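The values are calculated or read from the model by the stated rules, or taken from the named source; none is laboratory data. What you see is a predicted model, and the numbers here were worked out from it, not measured in a lab. Here the Cβ positions follow ideal geometry from the backbone for every residue, glycine too, while neighbour counts run over all protein chains shown. For the accessible areas, the whole protein counts, side chains as well, though only heavy atoms, and no ligand, DNA or RNA atoms are used. Shrake-Rupley method; radii C 1.70, N 1.55, O 1.52, S 1.80 Å.
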Amino acid sequence: MKKHLLLLTGISFSISFISFGQNATMISHQNSSQQERCGIMQNETYLEQQDPNRAGMRASFEQNLQSYIAAHPGLENSRSVMTIPVVVHLVYKTAAQNISDGQIQSQITVLNQDWTRTNPDASNTPAVWTSIAANIGVNFCLATVDPSGNSTTGIERRNTTITSFSQNNNVKHFSSGGLDIWDPNNYLNIWVCNLGAGLLGYGEFPLVNTTSTFGVVIHYSVFGSSAIYPSGTYLAGYDLGRTTTHEFSHCFDLLHIWGDDGGACTGNDYCMDTPNQADATFGSPSGVVTDACSPSSPGIMYENYMDYSDDAVMNLFTNNQKTRILAVLNTAPYNTLQLSNRCGTVAVQELSMLGAFSVHPNPSNGKFTISFSNSNFSDIDIHVLNVVGQEVFNEHLDALNNNEVDIDLTGNADGVYFIQVSDKKDKVTRKIVVQ
């Protein structure tokens, strides 16, 4: 259970043009068993050096997260699907680093597959793990509206003079050769660049307040999927987009499956359904693999996205991992990502329109108002459900006395709730946040 930075120092690299699908450019690597995959622990150390209070804030966030999970049993049973806007900041120096829109879009496709368990290799999950393999219920979309309200492709590019970047977050600032963050309350930010010293990617753990660096940084050669977009440039073994799947998960407080404890078998990823594990897994193992922490069958879960196995081996999240992700996304300040319409759509699909009505304020402190366009509706039912489908409020109205209905959810836990308003013909679902 060692803390790892994906450094390939001393490993020989060569670029070769290999027949892979349709003329993929594959960057080959050697000695994969010695490679590491993720730089989040080193980035965390760097951030703690910049802010001595960060470790305490991380501990407080974890305590709050555990309290939320305890107060909301059954999160893993949620069937709601949310859509989160993504912006890709592509920072390049050479033509090879300036990867195409097609390669970028292939990465969004991979994220959507992996986070909804529609990945084509889900069938490779061993039978022993299938009962706990989770559909997280999160989709990602390239933003169509930028922070100024203008149309965008969700991709911005900068030709930089910087040869390579490290885990010091310079790529996240225009002043140091990168690109500035877009509002982290409305977008998940991805920086794609040439990471130096063999570093493939790193994420950032959440805090009680979003930061000016929140998001993930990914090496250009592991962003996207050669299986979906064969014409791109990829690093062999890491060419199916799972580095981004892994790093995004850190943003929603998933830890490495082995707990980063130096091999002591006492580390904690706070997920009871992931087996204890001594260290990261590399390469392409198969069958039952055991180690000092899980010495007997079924062994370790090297297929989990939070391990370091090659991309083709990874294929699942677990129910407990889903619980942690949804707990983050349903609590402030990250719940605003669900409400963001920067892809031009709302996060929850409405079944129809029961007249024009709005819910305000949203987010609220628990007291909010439903405002209808007129008072002609009748025989109305209002139900409010929490994120796991439990009803916390209901009211029947034979008629509207005026255009507004006040609802009070104070006393209920903070989080996301769904308002269902229906009459004899239609039903509409709106989403609100209580914080």
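Observations, loosely collected:
- Calculated on C-alpha atoms, the gyration radius of region 51-174 divided by its Kirkwood radius gives an Rg/Rh of 1.04.
- Helix content alone sets the calculated 222 nm mean residue ellipticity of the chain: runs of n ≥ 4 DSSP H residues at -39500 (n - 2.57) each, divided across all residues, give -5000 deg cm²/dmol.
- For ALA134, the residues whose modelled amide H falls within less than 5 Å of its own, excluding neighbours fewer than 5 places apart on the same chain, are PHE317, THR318, ASN319.
- Summarising the label geometry, the points placed 7 Å from Cα in the beta-carbon direction at THR153 and VAL128 lie 4.6 nm from one another.
- Amide proton proximity set for ASN139, modelled H, under 5 Å, gap of 5+: MET82, THR83, ILE84
- Mean separation of Cα contacts under 8 Å (6+ apart) over length of the chain, as relative contact order %: 18
- Rounded to 10°, Cα long-axis angle of helix 319-329 versus longest principal axis of the chain: 60
- Residues with amide H under 5 Å from that of LYS431, placed H, sequence gap 5 or more: ILE419
- With at most 13 neighbouring Cβ atoms within 10 Å, loop trypsin sites (Lys or Arg not before Pro) (DSSP) excluded, longest segment of the chain: 80-423
- Over the chain, the pair-distance histogram of Cα-Cα distances with 10 Å bins from zero comes to 4, 21, 30, 25, 13, 6, 2, 0 percent, rounded to whole numbers.
- A Förster radius of 56 Å, combined with the Cβ-Cβ distance separating SER176 from ALA399, puts the computed FRET efficiency at roughly 0.35.
- For region 105-260, the fraction of alpha-carbon pairs lying more than 20 Å apart is 54 percent, rounded to a whole number.
- Vicinal HN-Hα couplings computed from phi for region 80-88 (Karplus, 6.51 cos²θ - 1.76 cosθ + 1.60; Hz; Gly/Pro x): 5, 10, 10, 10, 10, x, 10, 10, 10
- Fully extended contour minus Cα-Cα distance, from THR266 to ILE382, at 0.36 nm per residue: 36.9 nm
- Environment charge of ALA122, counting only residues whose C-beta is closer than 11 Å and scoring Lys/Arg +1, Asp/Glu -1: -2
- Accessible-area composition of region 137-254, carbon plus sulfur, in percent [1.4 Å probe]: 48
- GNM top mover of GLN113, GLN63, GLN97 - the chain, alpha-carbon springs below 10 Å: GLN63
- Among the lysines of the chain, pairs that are 8 or more positions apart or on different chains and have alpha carbons within less than 25 Å of each other number 7.
- Where both bridge residues fall in the chain, DSSP classifies roughly 60% of the beta bridges as antiparallel.
- From the Kirkwood radius over Cα pairs of region 227-273, Stokes-Einstein at 25 °C and 0.890 mPa s returns a whole-number translational diffusion coefficient of 189 µm²/s.
- With the simple spin-label model, which puts each label point 7 Å out from Cα in the Cβ direction, the THR161 to ASP101 separation comes to 3.0 nm.
- Net length gained if the chain between ALA59 and VAL208 were fully extended (0.36 nm per residue, minus Cα distance): 52.6 nm
- Accessible area per residue in Å² at 1.4 Å probe, computed on the chain: 39
- Fraction of antiparallel bridges per DSSP, region 160-248 only, in percent to nearest 5: 40
- Net length gained if the chain between ARG79 and SER67 were fully extended (0.36 nm per residue, minus Cα distance): 2.1 nm
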